[in-house]
Amino acid sequence: MTVTTTTKHGAIAVIRVDNPPVNAISQAVRQGLEDAVSAIEADTEVKAAVILCAGRTFMAGADISELGKPPLPPHLNDLTDTIERCSKPLVAAIHGQALGGGLEIALSCSHRVAVPGTRFGLPEVNLGFVPGAGGTQRLPRLIGVEPALNMAVEGKPVGTEAALSTGLIDQIVDDLEPDAIEFARKIVAQGQTARKLNQAIAPDSFSHDLFDQWRAKCAKRKRGLDAPLAVIDAIEAATGTDVDAGKATERALSLKLRKSPQSKALRHIFAAERASAKIEGVDPSVARQIVSVGVIGAGTMGAGIAQFFATNGISVTLVEISAEAAATGIDRIRENLSQSVKRGKLTQGRAAEILPLVHPTTDYADLADVDLVIEAAVELLEVKKEIFARLDKACKPSAILATNTSYLDVSTIANATDRPDQVAGLHFFSPAHVMKLVEIVRTDQVAPWVLATLAQMMKKLGKTGVIAGNCHGFIGNRMYQSYQKAAGLLLLETGSPEIVDQALRNFGMAMGPFQVLDLSGIDVGYLMRKSLPGDRVHPYAFKVHDALVEAGRKGRKSGAGFYSYSPDGAATDQMVLDLIADTARDYGVTPGKLSEEQIASRCMEALAQEGLAILDEGVAARPGDIDVVFVNGYGFPRHRGGPDFLQRQ
C-alpha cells in the first residue's frame, strides 16, 4: 500500500499521507515524504506544496511499534532537515492533532494552517525522552523560549487558538484542503519564499536565568524524572549561535534517553493504559449510550462522582436521605468548583455551567429514567443491599446499577436485585472528580454489554478504567493491604513512621504509607479489618494502627494519627514512638537499622507477590493492569513503570 501520494492543482502540489488509523510516522511514511519533497524541489512547474493527511488526524507522532528497535532510514531528523531545505514554500495543513514527530514535521515546513479543534504538542517527555527531529530547536525560534519550555517540558498539547496566538500556526481555516491550497497560492503570489527556523535566537529576547528557574521548578514538581531536565537542556542549546550544534545536542539527548530505564518504564505504562480499556471476549460495539446518571449519597465520594459527570456535561440526579444532606452535598460540589477556579483549572463561567447539571433529591422515584446509577453510601454490606433492592424497583429495566464499594462483595450486592447481570462495581478513587483511575468490577453474572458500556464511558470521559475481578479489595486495595502490611512490620522494626515514609518518598511514591493513612483516615482500614475473619489479618502488623484508632487518633481529621497536626505542620510525637516500641517488644520484634533501599525493596516485594497471586486467580487480566492501577490510584512513580513491571526487570 502506498502511504503517500502527490497531486497537482496548477502550481500547487498536494502531498497526502494516508497511514491509518492515526498516520503514524512509519518508515514508509518517512520515505514517501522524503521522495515527494525531493520530487517537488525538482519540478519546475510546482511553486509551493501542501502537506496534509487523510483520515481523522494529521501525523499524530512516531510509530510506537518502532520504538526500541533499530531505526530504519530515512530517520525523522533527516526528513525534517530535507523538508526545511526545500527552496519552495511547504504548507502543513493540520487537523486532529500534530503531536511529537507530527509537530516536528509541521515545524520543518515553512507555513502552518489548521482547522478549529486541532491540538499541537511535544509529548515525548511523557515517554521519558527528548524530541529528536528538531522539535526543541525550531519551536523556541518560532514561538519564543518560554512558551516552548511550557509546551515541551510539560508535554501538554495546546489548542488551535493558543497556537495561533503564539505564532505556532499562521492561520485557522474552515475547509482544510481547499483553504490550504488557497493559502499556498497567496504566499506564492505575494512572492514569499520558504521561511526557515534555522536562525539563531536573538539574545535579548529571553533571560538566561529562565533555564535555571525551570530546572528548580522541575526538581519540585517532577521529582526524579530525567526527561524534563534534558528537554530544558535541549531548548537551552537552541539559544546558542551554532544551529547545527543545537540539533546535535538534542539528538544525542534523545537517543540516550530512549534507551534509559525510565523511558522503558514510561513506554510500558503508556501501552498498558491503552490496553486497559480492552476486555477480552467482549465486543466494544455492544456498548450503550449513557445520557443521564444517578448518584446515591452526597458525601465526599458521591459529591465527587456527581461533579465528575456534570463536568462532562451529563445530567446527574443526586439522592440523599434528607434535604439537609442533599444541600450539604451541593455545597461540597460548589466548594470544589470554587477551588478549581482559584487554581486556574476552571473559569468562573465554566464552573457556573456545571452545578446546575446536578439535581438534588430525596426521592428514589426521580431515578426512573436515568441510564446508570452509582451507589456511594457507607461501606456496610446490609445498607448497600437495601439500597440496591430499592434501586431495582425505582429504575427502568435497562438501567445499569453500580456500587462504588472499595472492597465489599459485588455479587452479594447484585443478588439483592432481580437484575444481577446489570450490576457491576465502579470503584472511583478519591477525590473522584480528580483521580483518573476507576476499577470496573466484574462479577460472574454481569452481562458483556454492561462491561463494554462502563469501559467505553470511562474512556470517553477521560478516566482510566481497569477491569477487576470480584474479590476482597479487587486489584488496588487488595495489593495496597499487602503493601501496608509490609509497612506495618517495618514500622515495628524501624521504630518510627517517618523513617518508613521517607524511604518510600525517596523511592518515588507520592506520599509515605503512614502519611496516606493519616490523610484517608486510619479508621477506614480499622473497620475493614474488623469485617474480616481473624485468620485473614496479620497478627501484629496493624496493632499500632488499631491502638491509635481506639485512642481517638484517626488521622488528620481528628488532629492526630501516626503524626500530630498543628498549623505548623505534621510531626511525630513521643506517644506514637512509645506505642511502636511497646508493640514491637510485645510481639518479639527486634528493632534495627534498615537502609532506605531495604525498606523500599520489602514494600515492593510485598506488592509484587500479591500481584502475582491476583494474576494467577484471574482478578487482573494482564500484568499491565496491575501497574496501571498502582500508578494511577496509589501514587506509584510512573517512571518506574508499576510494581509488576519493576519486579520483572
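Here segment 381-390 is the region considered, the condition is being in contact with a helix residue (DSSP H, G or I) (Cβ under 9 Å, 6 or more places away or on another chain) and under 15 Å from residue 412 (Cβ atoms), and the residue that is modelled with the lowest pLDDT is 381.
From the list 263, 276, 285, the one residue that fits, being crowded, with 21+ Cβ neighbours inside 10 Å, of a type outside the set (Val, Ile, Thr), out of contact with any Cys (no Cβ under 8 Å at 6 or more places or on another chain) and farther than 13 Å from residue 129 by Cα, is 276.
Residues that are under 23 Å from residue 294 (Cβ atoms) and of a type in the set (Lys, Arg) within segment 326-357 comprise 332, 334, listed in sequence order.
For segment 458-493, enumerate the residues that are touching a strand residue (DSSP E or B) at 6+ places or on another chain (Cβ under 8 Å) and over 27 Å from residue 380 (Cα atoms). Passing the criteria: only 459. It is to be established whether one or more residues within segment 464-484 are farther than 30 Å from residue 271 by Cβ and in contact (Cβ under 8 Å) with a residue 24 or more places away in the chain. Among the residues of segment 464-484, not one is farther than 30 Å from residue 271 by Cβ and in contact (Cβ under 8 Å) with a residue 24 or more places away in the chain, which makes the answer no.
Residues in segment 302-346 that are more than 23 Å from residue 439 (Cα to Cα) and assigned to a loop (DSSP other than H, G, I, E, B): 320, 321, 322, 343, 344, 345, 346.
Among the conditions (1) within 18 Å of the chain's Cα centre (by Cα); (2) surrounded by 22 or more Cβ atoms within 10 Å (Cβ to Cβ); (3) under 21 Å from residue 292 (Cα atoms), residue 466 misses just one, which is (3).
There is at least one residue in segment 81-99 that is over 30 Å from residue 640 (Cβ atoms), in a helix (DSSP H, G or I) and without any contact (Cβ under 8 Å) to a residue 12 or more places away in the chain. Taking segment 288-297 as the search range and keeping residues that are buried (at least 18 other Cβ atoms within 10 Å of the Cβ) and in a loop (DSSP other than H, G, I, E, B), which one is nearest to the chain's Cα centre (by Cα)? Applying the filter and picking the extreme gives 290.
Residues are listed down the side, and each one gets a yes or a no for (1) outside any loop (DSSP other than H, G, I, E, B); (2) in contact (Cβ under 8 Å) with a residue 60 or more places away in the chain:
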| residue | (1), (2) |
| --- | --- |
| 431 | no, yes |
| 440 | yes, no |
| 451 | yes, yes |
| 493 | yes, yes |
| 503 | yes, yes |
| 515 | yes, no |
| 518 | yes, no |
| 525 | yes, no |
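The number of residues in segment 7-61 being of a type in the set (Val, Ile, Thr), in a strand (DSSP E or B) and surrounded by 18 or more Cβ atoms within 10 Å (Cβ to Cβ) comes to 7. The residue of segment 485-515 that is nearest to the chain's Cα centre (by Cα), among those that are surrounded by fewer than 21 Cβ atoms within 10 Å (Cβ to Cβ) and closer than 30 Å to residue 424 by Cβ, is 510.
The values are calculated or read from the model by the stated rules, or taken from the named source; none is laboratory data. Bear in mind that the values here come from a model prediction, so they are computed numbers and not experimental data. Note: ideal-geometry Cβ built from the backbone for every residue, glycine included; neighbour counts use all protein chains shown.
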